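Chemist: The structure is given below, and queries will be raised subsequently.
The values are calculated or read from the model by the stated rules, or taken from the named source; none is laboratory data. Everything quoted here is computed from the prediction, not taken from an experiment. For neighbour counting, all protein chains shown are included, and Cβ atoms are generated from backbone atoms with ideal geometry for every residue, glycine included.
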Amino acid sequence: MILVFLLVIFLGLNTMAAASKSITAYDFSFTSIDGNPLPLSSFTGKAVLVVNTASYCGFTSQYSQLQTLWHAYRDRGLIVLGVPSNDFGAQEPGTNNEIKAFCEVNFDIDFPLTEKVHVKGESVHPFYAWAERKLGVFAKPRWNFHKYLIAPDGHLVNWFSSVTSPSSSRLTKAVEAVLP
């Protein structure tokens with residue numbers, strides 16, 4: 001009986017210890033659009049705006065606003081991370097090379113881009129599955145150019161729908177509030 005009691009206590013303490021290690025965005029990794037590992041932990045200490053993107057969407061013009069936001073705040077510790085996805089309306093049909101060229105030629109993008117991933121469905125990227133669990137079902141991407149804001153400590157602090165412009169005061173105030 002004492003052995004069972006000790007086993008229950010031991011298992012409970014291990015469960016509590018595991019639960020106390022909070023998962024953050026820094027526990028996830030992407031692959032860059034050039035095929036290199038892109039762990040979010042490489043952005044530790046910076047604010048990160050993660051945006052699922054598409055080249056042929058009504059919101060594609062947000063690329064220029066994201067580039068402007070990146071230039072305005074990168075020296076203060078902001079990373080803008082574009083995450084191409086073909087999940088909404090098949091509006092990102094290109095290869096990684098085509099996506100990169102499109103962004104560079106049309107919007108002079110120089111912020112980091114990941115390879116194309118799924119942001120919803122059965123093959124959802126682990127970061128997006130975690131973000132939905134963390135912030136709730138209403139915070140999951142419903143279209144292209146959905147945005148997640150990550151604080152310098154790796155915790156998700158906010159999300160913005162596709163209709164929220166990167167130049168909106170709501171988004172820029174949220175970014176300024178979490179800059180290191």
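Conditions tested, residue by residue: (1) of a type in the set (Val, Ile, Thr); (2) part of a loop (DSSP other than H, G, I, E, B); (3) closer than 17 Å to TYR148 by Cα.
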| residue | (1), (2), (3) |
| --- | --- |
| GLN91 | no, yes, no |
| ILE109 | yes, yes, no |
| TYR128 | no, no, yes |
| ALA131 | no, no, yes |
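Chemist: Can you find even one residue in the range 29-37 that is β-branched (Val, Ile, Thr), modelled with pLDDT of 95 or more and within 24 Å of GLY154 (Cβ to Cβ)? It would help to see each step written out before you state the result.
Modeler: Residues of the range 29-37 that are β-branched (Val, Ile, Thr), as a first pass: 31, 33.
Filter again for modelled with pLDDT of 95 or more, leaving 31, 33.
Imposing the further condition that a residue be within 24 Å of GLY154 (Cβ to Cβ) reduces the set to 31, 33.
There is at least one residue in the range 29-37 that is β-branched (Val, Ile, Thr), modelled with pLDDT of 95 or more and within 24 Å of GLY154 (Cβ to Cβ).
Each row is one residue, and each column tells you yes or no for (1) surrounded by fewer than 19 Cβ atoms within 10 Å (Cβ to Cβ); (2) of a type in the set (A, V, I, L, M).
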{"site": "LEU69", "(1), (2)": "no, yes"}
{"site": "GLY77", "(1), (2)": "yes, no"}
{"site": "VAL83", "(1), (2)": "no, yes"}
{"site": "PHE88", "(1), (2)": "no, no"}
{"site": "GLY94", "(1), (2)": "yes, no"}
{"site": "ASN97", "(1), (2)": "yes, no"}
{"site": "VAL105", "(1), (2)": "yes, yes"}
{"site": "PHE111", "(1), (2)": "no, no"}
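Chemist: Still on this model: Starting from residues that are in contact with a Phe, Trp or Tyr (Cβ under 7 Å, 6 or more places away or on another chain) and under 16 Å from SER22 (Cα atoms), keep the ones in the range 127-148 and report whichever is surrounded by the fewest Cβ atoms within 10 Å (Cβ to Cβ).
Modeler: LEU135
Chemist: When PHE145 is evaluated against the numbered criteria (1) of a type in the set (Phe, Trp, Tyr); (2) under 21 Å from PRO39 (Cβ atoms); (3) under 13 Å from the mean Cα position of the chain (by Cα), which criterion, by number, is the only one it fails?
Modeler: The one condition PHE145 does not meet is (2).
Chemist: Is there any pair with a first residue in the range 151-180 that is closer than 15 Å to TRP70 by Cβ and a second that is among the charged types (D, E, K, R) and assigned to a helix (DSSP H, G or I) whose Cβ atoms are under 6 Å apart and which are 6 or more apart or on different chains, and what are they?
Modeler: From residues that are closer than 15 Å to TRP70 by Cβ, the pairs are LEU179/ARG76.
Chemist: Further, regarding this structure: Restricting the first residue to the range 49-67 and requiring it to be buried (at least 20 other Cβ atoms within 10 Å of the Cβ), which pairs with a second residue that is aromatic (Phe, Trp, Tyr) and part of a strand (DSSP E or B) meet a Cβ separation below 6 Å and a spacing of at least six or different chains?
Modeler: What qualifies is VAL50/TYR148.
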